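These notes concern the structure reproduced below.
Just so you know, all these numbers are worked out from the coordinates, no wet-lab data involved. Bear in mind that the values here come from a model prediction, so they are computed numbers and not experimental data. When we count neighbours, we look across all protein chains shown, and the Cβ atoms used for this are built from the backbone with ideal geometry, even at glycine.
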């Protein structure tokens, strides 16, 4: 799992390096890319992400999921989920190229998407990168021949529109919505496809799944400072 703020740090690093070296020859760009990816690997393997909650708590299991519509990365179509976009079970995968667990699992998720794409299940991969990082993301998509619906979240001044609505704090984060648009499961961190399949199957039943936030947890906005 990679904290969302770490992803933003990677973006900041790359954005400024591209500015400083925009007129450098191709060889220099290749050297930079290697340095950027190495830095991302070092940061993502630290203990920085330990002991963080699954989400901010703004969306909980049983809630009607916030509605959204996003264009696919290629701009050819739109995807939607949540309130106002029901009828199918939705698996939302918040990911980033600069999240190495995400990179590792995306081919498996894509393979699962091929199994379910003509059924009552829709998988949507929501990238927290953006078109300015297409030179990293698009080669990865091409290399692995990913066919599942891939989108970019809409960046704001300090975060992303959909990720904020859902309380995402790290990547990968999974939300499974039932056909009525209700949140049935929330999971932070890399998952095996077998676990995703189990969550999808449970979304077809009347029994709610359980998220990994403790039942007694409060939303971050509701938390009060402890009195000593």
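Could you please find all residues in region 53-79 being in a loop (DSSP other than H, G, I, E, B) and under 23 Å from residue 147 (Cα atoms)? Before you say what the answer is, go through the steps one by one.
Here is the first cut: in region 53-79, the ones in a loop (DSSP other than H, G, I, E, B) are 53-54, 56-63, 65-67, 73-77.
Residues satisfying the conditions are 73, 74, 75, 76, 77.
Matching residues to (1) surrounded by fewer than 22 Cβ atoms within 10 Å (Cβ to Cβ); (2) out of contact with any strand residue (DSSP E or B) (no Cβ under 7 Å at 6 or more places or on another chain):
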site	(1), (2)
110	yes, yes
151	yes, no
159	yes, yes
172	no, no
181	yes, no
184	no, no
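Could you grab me the full set of residues in region 112-140 that are in contact with a strand residue (DSSP E or B) (Cβ under 6 Å, 6 or more places away or on another chain) and buried (at least 19 other Cβ atoms within 10 Å of the Cβ)?
If the condition is that a residue be in contact with a strand residue (DSSP E or B) (Cβ under 6 Å, 6 or more places away or on another chain) and buried (at least 19 other Cβ atoms within 10 Å of the Cβ), then 113, 121, 122, 123, 124, 125, 126, 127, 128 are the ones that fit.
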